[in-house]
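The next block holds one structure in the form of structure tokens; read it before the comments.
The values are calculated or read from the model by the stated rules, or taken from the named source; none is laboratory data. Everything numeric in this text was worked out from a predicted model, so none of it was measured. Because the Cβ atoms are built from the backbone with ideal geometry, glycine has one as well, and the counts that use them run over all protein chains shown.
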Amino acid sequence: MQKLLDKIFEFATLTTVEAKELLTQITNGKANDAQIIAAISALKMRSISSSELNGFREALLDQALIPNLYTTDAIDVCGTGGDGKNTFNISTLAAIVIAGAGYKVIKHGNYGVSSLVGSSSILEEIGYQFTTNDDVLNEQLHSTNICFLHAPLFHPALKKVGPIRKQLGIRTFFNYLGPLVNPVQPKYQLTGVYNLELIRVYKQILSKERKEFRVIHSLDGYDEVSLTSAFKMATKSQELILYPEDLDQKPLKQEDLFCGDSIHEAKEIFMNVLSNNSTLAQKNVVAVNAALGIQCFKPTASFNDCFQEAIEAIASQKALQNFKKTIELSQQMQTISK
């Protein structure tokens, strides 16, 4: 461990093997709290390489609990978090809208560490009960097109670092890992990252796999398409910068995306969007992100067609009814499995 720490302190880049060893030692309890904090802090002081991120990813996936789901022909919609923008839960809502439009979603998420309300936080507040039970997850995926994988349940190796991350309250390389370590590794991926450098790193990692993906970053700092500025998007074949007007959208203001000062306010916005009772800005930003997810399933489809699918899933309340059924199944099936 000490040799690896020395290398990090010298600002040298770890190989994939070294990065995997570092995180494995941390998660296996072979590093004390001081060493963990030192490693996290030193890595935060510089850019992370694709070799390092891939090594960290391999370490977590090797130790993950992998559910036996009947299909991986699905999408994960997950952002890195850590953008500090305090938005409502756009990516989680986009995932639910995609499912409401008829596409399979296996959503990986966690509590907020450097944000007020994380994906898992809002789902628990609404009543979803997380599980590792294969039967429960498969029933949800089959009946409602979506299931949610709560990261701490599927990555017990992270138990050691969870309290430290919470105490630090800042984004770290663990934020980078979240979207990369869905234990199921679905075929499609829509990921938001909080800086431009991570677009390059993510593209390098994901391009080596048989995945259709979109990696996005709004140029004013959001880890999703915020419509408050231009955004950069990377796919396997291209990188481009798009403006809200390119998507036939009006630019939004940052306050349009604010989640409120409590989880109760965030929940109200969340359910208003699904009930088609939100502001136009809130509905459109969710639909735009959902459309990019839908486009992963059919890359040759126009953005406008995918956007209309997303809008229809909201306006018809298909997404809402679907989500309510998912909640009910999580509660019913949990009771039966106990």
- Item | Matching entry among ALA301, ALA291 (being assigned to a loop (DSSP other than H, G, I, E, B) and of a type in the set (A, V, I, L, M, F, W, C)) | ALA301
- Mind checking which residues of the range 254-272 are charged (D, E, K, R) and over 27 Å from GLN317 (Cβ atoms)? ASP261
- Meets criteria (modelled with pLDDT of 95 or more, in contact with a strand residue (DSSP E or B) (Cβ under 8 Å, 6 or more places away or on another chain) and in the same structural domain as SER91 (by TED's automatic domain parsing)) for PRO183: yes
- Query: With respect to ALA34, is the statement that it is closer than 15 Å to VAL161 by Cα and surrounded by fewer than 15 Cβ atoms within 10 Å (Cβ to Cβ) true?
  - Reply: yes
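Restricting attention to the range 107-155, and to residues there that are of a type in the set (Ser, Thr, Tyr), under 15 Å from ILE263 (Cβ atoms) and not in a helix (DSSP H, G or I), which single residue is farthest from the chain's Cα centre (by Cα)? Give the derivation first.
Quick first cut of the range 107-155, residues of a type in the set (Ser, Thr, Tyr) only: 111, 114-115, 119-121, 128, 131-132, 143-144.
Remaining after also requiring under 15 Å from ILE263 (Cβ atoms): 111, 115, 119-121, 128.
Still in the list and also not in a helix (DSSP H, G or I): 111, 115, 128.
Working: TYR111: 11, SER115: 13, TYR128: 17 Å.
The selected residue is TYR128.
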- Query: Which of the residues that make up the range 164-206 are touching a helix residue (DSSP H, G or I) at 6+ places or on another chain (Cβ under 7 Å) and among the aromatic types (Phe, Trp, Tyr)?
  - Reply: PHE173, PHE174, TYR176, TYR188
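Only one of LEU190, LEU198 is touching a residue at least 12 places away in the same chain (Cβ under 8 Å), assigned to a strand (DSSP E or B) and closer than 24 Å to TYR111 by Cα; which? Walk me through it before giving the result.
Values: LEU198 fails: assigned to a strand (DSSP E or B).
Only one candidate passes the filter, namely LEU190.
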- Consider only pairs whose beta carbons are under 7 Å apart and that are at least six residues apart or on different chains; among these, list those whose first residue lies in the range 21-49 and is on the phi > 0 side of the Ramachandran plot and touching a residue at least 40 places away in the same chain (Cβ under 8 Å) and whose second residue is surrounded by 12 or more Cβ atoms within 10 Å (Cβ to Cβ) and not hydrophobic (A, V, I, L, M, F, W, C). GLY29/LYS160
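Applying the selection to the range 222-232, what residues are over 16 Å from the mean Cα position of the chain (by Cα) and either farther than 28 Å from ALA74 by Cβ or in contact (Cβ under 8 Å) with a residue 24 or more places away in the chain (or both)?
Of all residues in the range 222-232, those over 16 Å from the mean Cα position of the chain (by Cα) come to 227-232.
Across the range 222-232, the qualifying residues are LEU227, THR228, SER229, ALA230, LYS232.
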